[in-house]
Amino acid sequence: MEETSDHPNPTTSTPGTTPEPDPKTMRSSKPGLKRLLITTTVLFSFLSGLPFLWKSVEIYRSQLPFHDIDSLSDQIKSTPLRFPCTFHALFIGFRSNDPDQLRSEIQDGVNQLTGESSQCGSCNVSISVTVQSPDELCSETFPSTCSYRCGVIKRDAFGGGLDDEVDESLDDVFGGCSGGIGKMYSVVVVNKEEGDGGDEVKAVVGKRRHAWIVGSGLEERYGEVVGRVSEVFVKVFMNGGREEGDSIRGEFMPVGSDGRLVLSFSLLNSNPRDWIYDWDFQRIDEGLLAPVTKALAPIADISVESQVLYHTPKSSFSSWDEKLQSYIFRTSDLPFFVNSNEWHLDTSAGASGRSKILQFVVYIPSGKECPLHLQLPNGEISKTNGFISPMWGSVIVWNPRNCDKDSESPSRNMISPQDLEQIVEVFLGQFRQLFGFKSEAIYTSELGSYKILPSERGFTEWELDVLSRKHTCFNLHSCATTLGSLSRLVQSLPRMIIKDEIGEQVKYSLKAAKLAQSNASLGGYSSSASSSREARSLAENAFFHPSIMSVSYFSYEHCFAVYSPFFLPVAGHVVLAALREWKRYKQEKAKYLTWLTRKKTA
Amino acid sequence: MARTVIPLLILQSFLLAIAFGSNEVEEEFSESLLLKPLPDRKVLAHFHFENRAPPSNSHGRHHHLFPKAISQLVQKFRVKEMELSFTQGRWNHEHWGGSDTLSSMNAKPVGVELWAVFDVPRSEVDTSWKNLTHALSGLFCASINFLESSTSYAAPTWGFGRSSDKLRYGSLPREAVCTENLTPWLKLLPCRDKDGISALMNRPSVYRGFYHSQRLHLSMVDSGMLLEQSLTVVLQPDTVYDGKDLQPSWSLSSLFGRKVVGKCVLAKSSNVYLQMEGLAHPEAHTLLKNEEFELSIKPDRTLRETSSVLFIFDIDKSSDSEPFDLSLTWKLPSKWSCQQAPLHASRFLMGSGNERGAIAILLKATESQDKLSGKDITNGGHCRVKANVFQIFPWYVKVYYHTLQIFVDQQQNTSSEVLKKINVSPSADKMSSGMMEMMLELPCEVKSVAISIEYDKGFLHIDEYPPDANQGFDIPSALISFPDHHASLDFKEELSTLPLLSKFKDKSLVRSYTEVLLVPLTTPDFSMPYNVITITCTVFALYFGSLLNALRRRIGEEERFLKSKGKKTGGLKQLLSRFTAKIRGRPVESPSSEPTAAAQSSVLSSKLLFKIILVAGVAAAWQYFSTDK
């Protein structure tokens, strides 16, 4: 049709003079609609097929609750998780103090110590105070959280005997305390009568959730006492005796993302030609480690295994020190002590998936470097002769009693049970350090020092509380960040296949996280710890789902390459044909209309 | 004084009893090395390590010598028995022996072979197998996890020589074996390669050999777990040819480039054995020196067997200053031959082309057959040799079992005569591999037996081809075993203290593996899908376009137009002039009047402009889409 319009006009037509219309400018018949209809039908069927095509190349993506994920991470970031804790202070032998006033003062002290920055996993404090006067009359703040029977604790009889016994008796006294929601911690302040203990103030933190401060003349040093009580509450019971600014510790919780922890004990004989030592670890496991793993059960599922390895030299050098009569390695050598080439500690096949393995290594030096001691930066010899490496584990150097080489053929010696017990004690200290606690039994602050009673289970109850609080908090944090990264990843790759399984896991993870949060606000420590563990492990499972890892997602380039050879030329044909027919129809119709008008005028 | 000493002693012994009493049966480790000159001027070295763990109630969590990784594997997957071997090179059955214990235990197929028996309910065996392959592949840095797919393993019933319905067998012929597999294997030994006999394993000399096979055999026995690790190497001693036809002389340091400087202190026993076969005067060879050869170290014991002499050396006495460096110097030319299996097996492909073919297994009688068969079986007056054939076929080799033909001494045989028993499990496409077990009973005087079976080559999906598809596909070795022949060394002495020898004394099934076959399959051009897509789409587009054009054609109008145009210059000429004009960018030099030419040129240039813009737009869109990612 272009040709027809292009066609140069051969004759100068004189319109109106001839009855036959000029085919260039007008036509007598109505233009036909057949071809236009055909081409538009084709075009429309083509267009209406597009949605079906789009549907057919669509890949399966399970709907992830992006909004919920965002709101969870926002919530965790903006409002740190806090657990309800009840602090109960019992003042015995104080005459003239109003419990309400004491409470507000302690509250001030607590607020001052916690400061504005409320860490995740800290306490939502509620304080109650009971004051028992010397003549055994009690007054307490309202509402009473603890049914302390007035006069049970005798002012003068208190503190006699061993600290462990005092701790037990306090547990009986406060046994009836439900503590409302959350855990209840108590501090007993006993003001002894003048003269029998001098000016000394003794402060002890027990194995359960009790602490006591005993001294004489405390009523006069009333401000100091209140300060110390709030310090016990915040620094010990709330933060577990950790240093401030230790919040990064929370990131270093040595528990695998599936909530499992494998303690792998290895005895390394660096040169079995000099001597060979073996141990009876089975007994240690049953006797000393089982209570610890049981105590930590709410936080992690712990399993223990052991092995003995040979020909495992350390990779750093040690030097002979004449004065100390021993070989010395310094703290600066520690990064090179662990010899990853020769110490084939092996990841355990028992640790499946993403569980964490902590290596505990007992290193027996060879004859060339015996005895081997760790020198601290201040020039002293380390008492434990060991060190920890966060998130990896710890090393203890154990020197044989006698550094003289055995005669020709080395015999196999057993480490004596006493030595083994000592080693395990050091292990437990290191284990506590790996969890962020102090290994010493004394906590010192500006106002004085506190004696901390060690538990035979490795961790005291209040320490376990701190752990579960921190652990819950850390788990929720990591769950939120994992889900956040997952949602970002999924949104950035619009053509990635997402299986239903991942969607389910994300859904359940969010559910468990919600449950953990609500449990935490209700004060269920172990339940929130376990559901937060579940939330984290589900989130990690979703993130590391094998189908996400696979590269064979159906990309846009692929789609383009497959469909363009057909659709580009065909679309060209169809669209151009429709356009041309439409143009021609308009042209012809104009011709027809001019003819009509011409006819009319004519 | 004496009074105080005695209670102290009692106390001490009591404490010792406490210390050692907890596990009375201790974990035990022993190491040994067997050296054997071979008739074809090579030397075989067979390292054998044995690790025993008593049954414990700690569920394998605490170990002293036994490798923790292995016992955890056993606990986790409930493995009852397992054997894993990594092999490079092919065992030469004719020269290195075919029917002795060493060859029937340690001649393994090329690549990786794994079989395991599980102690789980039958429905869970496959899951355990899959998990085990993954764990082992992590442990040994090998692609054993390829055995996980159900197309690559089989469950032999009786043809494997071990009947259990919880047995799984798989092999990877293509697996390359090297030092990265040996290092984790050595890690399982308490002394690794730091001390003792394993210190000889100098990697370059081990991998320079003609054959090396590292094996790990784990079994649950009454006394707990037994882990046997062995490395078999065939080495060529470096010698200069001296004109005389002497066997090459060698020493440990010339073979391995290292010496033994003492036993692994953790080993209960640590021995080196030298096995000499085919000596002229076995009685005379108990001496250190004789006219035939000379040893550098005096053997601690000498054992005599029917066909060979075994010298035993204890390496306890060696030290840094006085390393154990055994050497053997030949003085007289010596020739002998090894014990042969009753039949020598080989396997080859027949046929050509990419469509079909046939597999043939050829069993040839060896010299030793008469000797062996004479004493072995007399079945109703006829001497018979029994042979089991076990073969796995991958699913893409579609075997027609009805085409099985057996030729005995080149005469086609009706199957029932020699074929006593056959068990076939056909393969399912992409689901499972096929397996064939045959029991043949052949007359002793048979010279050769040929078994042939035809197959069609299957087509794989494009995703299923390995990266080097054009190399071809491997069919795993067939296993030929002789159920009535057992290999053992026949010592008169009691040898329970020497683990390797007591193992050799036990009877073991004579078996040999055939070659791996390489089947070329039709490999597609891997860009083919896109080519196909492009060409079909182009054809469709052309069809579509022409159909649409045909529908819109106005024939009457065109005829009118042509008529009116016929007076003008020829269409072709005009087209050419237009084309050149377009290239030059000049208006068409038309002979007609000026105004029309100008009008034409303006129309032309606007169309040209439109087309250029269209092309540029498409290019920009393409650029946008391709750089979007």
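Given the conditions (1) outside any loop (DSSP other than H, G, I, E, B); (2) crowded, with 16+ Cβ neighbours inside 10 Å; (3) modelled with pLDDT under 85; (4) more than 14 Å from chain B (Cβ to nearest Cβ), which single one is not true for residue A:26?
(1)
Restricting to the range A:554-574, and then to whatever is in contact (Cβ under 8 Å) with a residue 40 or more places away in the chain and aliphatic (A, V, I, L, M), can you tell me which residue is farthest from the other protein chains (Cβ to nearest Cβ)?
A:571
Between a residue in the range B:535-558 that is within 8 Å of chain A (Cβ to nearest Cβ) and over 13 Å from residue A:571 (Cα atoms) and any residue that is part of a helix (DSSP H, G or I) and among the acidic types (Asp, Glu), which pairs come within a Cβ distance under 8 Å, given they are 6 or more apart or on different chains?
B:552/A:581
What's the number of the condition residue A:358 fails, among (1) modelled with pLDDT under 85; (2) away from chain B (no Cβ under 14 Å); (3) closer than 20 Å to residue A:537 by Cα?
(1)
Looking only at residues that are within 24 Å of residue A:529 (Cβ to Cβ) and small (Gly, Ala, Ser) in the range A:414-472, which one is modelled with the highest pLDDT?
This residue is A:429.
Taking the range A:448-457 on its own, how many of its residues are surrounded by 16 or more Cβ atoms within 10 Å (Cβ to Cβ) and outside any strand (DSSP E or B)?
4
For the list (1) of a type in the set (Phe, Trp, Tyr); (2) in contact (Cβ under 8 Å) with a residue 40 or more places away in the chain; (3) exposed (fewer than 13 other Cβ atoms within 10 Å of the Cβ), I need the number of the one condition that residue A:44 fails.
(2)
Considering only the range B:131-177, state which residues are of a type outside the set (A, V, I, L, M, F, W, C), under 16 Å from the mean Cα position of the chain (by Cα) and within 14 Å of chain A (Cβ to nearest Cβ).
B:133, B:137, B:145, B:148
One line per residue, one yes/no per condition, for (1) part of a helix (DSSP H, G or I); (2) buried (at least 22 other Cβ atoms within 10 Å of the Cβ):
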{"position": "A:459", "(1), (2)": "no, yes"}
{"position": "A:469", "(1), (2)": "yes, yes"}
{"position": "A:490", "(1), (2)": "yes, no"}
{"position": "A:504", "(1), (2)": "yes, no"}
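So which of B:523, B:534, B:538 is under 36 Å from the mean Cα position of the chain (by Cα) and modelled with pLDDT of 80 or more? Give the steps one after another, and end with the answer.
Working: B:534 fails: under 36 Å from the mean Cα position of the chain (by Cα); B:538 fails: under 36 Å from the mean Cα position of the chain (by Cα).
The unique qualifying residue is B:523.
Looking at B:85, B:71 in this structure, which one is more than 11 Å from chain A (Cβ to nearest Cβ), modelled with pLDDT of 85 or more, in contact with a strand residue (DSSP E or B) (Cβ under 8 Å, 6 or more places away or on another chain) and closer than 27 Å to residue B:263 by Cα? Full working, then the answer.
Working: B:71 fails: more than 11 Å from chain A (Cβ to nearest Cβ).
Only one candidate passes the filter, namely B:85.
Restricting the range A:283-324 to residues that are surrounded by fewer than 21 Cβ atoms within 10 Å (Cβ to Cβ) and among the basic types (Lys, Arg), which is nearest to the other protein chains (Cβ to nearest Cβ)?
It comes out as A:283.
Taking the options A:61, A:95, A:103, name whichever one is surrounded by 14 or more Cβ atoms within 10 Å (Cβ to Cβ), of a type in the set (D, E, K, R) and under 29 Å from residue A:236 (Cβ atoms). Working first, answer last.
Working: A:61 fails: under 29 Å from residue A:236 (Cβ atoms); A:95 fails: surrounded by 14 or more Cβ atoms within 10 Å (Cβ to Cβ).
Matching residue, one of A:61, A:95, A:103: A:103.
Quick one: would you say residue B:518 is surrounded by fewer than 15 Cβ atoms within 10 Å (Cβ to Cβ), farther than 17 Å from residue B:339 by Cα, in contact with a Gly (Cβ under 6 Å, 6 or more places away or on another chain) and of a type outside the set (D, E, K, R)? If you could, list the steps in order and put the result at the bottom.
On the way: surrounded by fewer than 15 Cβ atoms within 10 Å (Cβ to Cβ): yes; farther than 17 Å from residue B:339 by Cα: yes; in contact with a Gly (Cβ under 6 Å, 6 or more places away or on another chain): yes; of a type outside the set (D, E, K, R): yes.
So residue B:518 fits the description; yes.
If only one of B:279, B:326 is under 24 Å from residue B:504 (Cα atoms) and modelled with pLDDT of 85 or more, which one is it?
On the way: B:279 fails: modelled with pLDDT of 85 or more.
After ruling out the rest, the residue left standing is B:326.
For the range A:56-68, what are the residues that are in a helix (DSSP H, G or I) and either closer than 15 Å to residue A:509 by Cβ or modelled with pLDDT of 85 or more (or both)?
Our first condition is that a residue be in a helix (DSSP H, G or I); within the range A:56-68, this holds for A:56-57, A:66-68.
Within the range A:56-68, A:66, A:67, A:68 qualify.
Could you check, for the range A:268-277, whether at least one of its residues is under 30 Å from residue A:539 (Cβ atoms) and either within 14 Å of chain B (Cβ to nearest Cβ) or at pLDDT 85 or above (or both)? Give the derivation first.
Step one: of the range A:268-277, the residues under 30 Å from residue A:539 (Cβ atoms) are none.
No, the range A:268-277 contains no residue that is under 30 Å from residue A:539 (Cβ atoms) and either within 14 Å of chain B (Cβ to nearest Cβ) or at pLDDT 85 or above (or both).
Provide a single number: the residues in the range B:188-214 that are on the phi > 0 side of the Ramachandran plot and in contact with a Gly (Cβ under 8 Å, 6 or more places away or on another chain).
First, pick out the residues of the range B:188-214 that are on the phi > 0 side of the Ramachandran plot: B:192, B:196.
Applying the additional criterion that residues be in contact with a Gly (Cβ under 8 Å, 6 or more places away or on another chain) yields B:196.
So the answer is 1.
Can you tell me which residue is nearest to residue A:365 (Cα to Cα) among those in the range A:221-267 that are touching a Leu at 6+ places or on another chain (Cβ under 8 Å), at pLDDT 75 or above and not in a helix (DSSP H, G or I)?
Step by step, filter the range A:221-267, then rank; the result is A:267.
Kindly establish whether residue A:577 is more than 12 Å from chain B (Cβ to nearest Cβ), more than 30 Å from residue B:627 (Cβ to Cβ) and not aromatic (Phe, Trp, Tyr).
Values: more than 12 Å from chain B (Cβ to nearest Cβ): no; more than 30 Å from residue B:627 (Cβ to Cβ): yes; not aromatic (Phe, Trp, Tyr): yes.
No: the conditions fail for residue A:577.
I'd like the residue in the range A:457-489 that is over 12 Å from the mean Cα position of the chain (by Cα) and of a type in the set (Ser, Thr, Tyr) and, out of all such residues, is farthest from residue A:509 (Cα to Cα).
My answer is A:460.
Residue B:484 - would you say it is loosely packed, with under 15 Cβ neighbours inside 10 Å and closer than 30 Å to residue B:303 by Cα? First the steps, then the outcome.
On the way: loosely packed, with under 15 Cβ neighbours inside 10 Å: no; closer than 30 Å to residue B:303 by Cα: yes.
Here the answer is no, as residue B:484 does not meet what is asked.
The values are calculated or read from the model by the stated rules, or taken from the named source; none is laboratory data. Quick caveat: nothing in here was measured; it's all calculated off a predicted structure. Neighbour counts run over all protein chains shown; Cβ positions are idealised from the backbone, glycine included.
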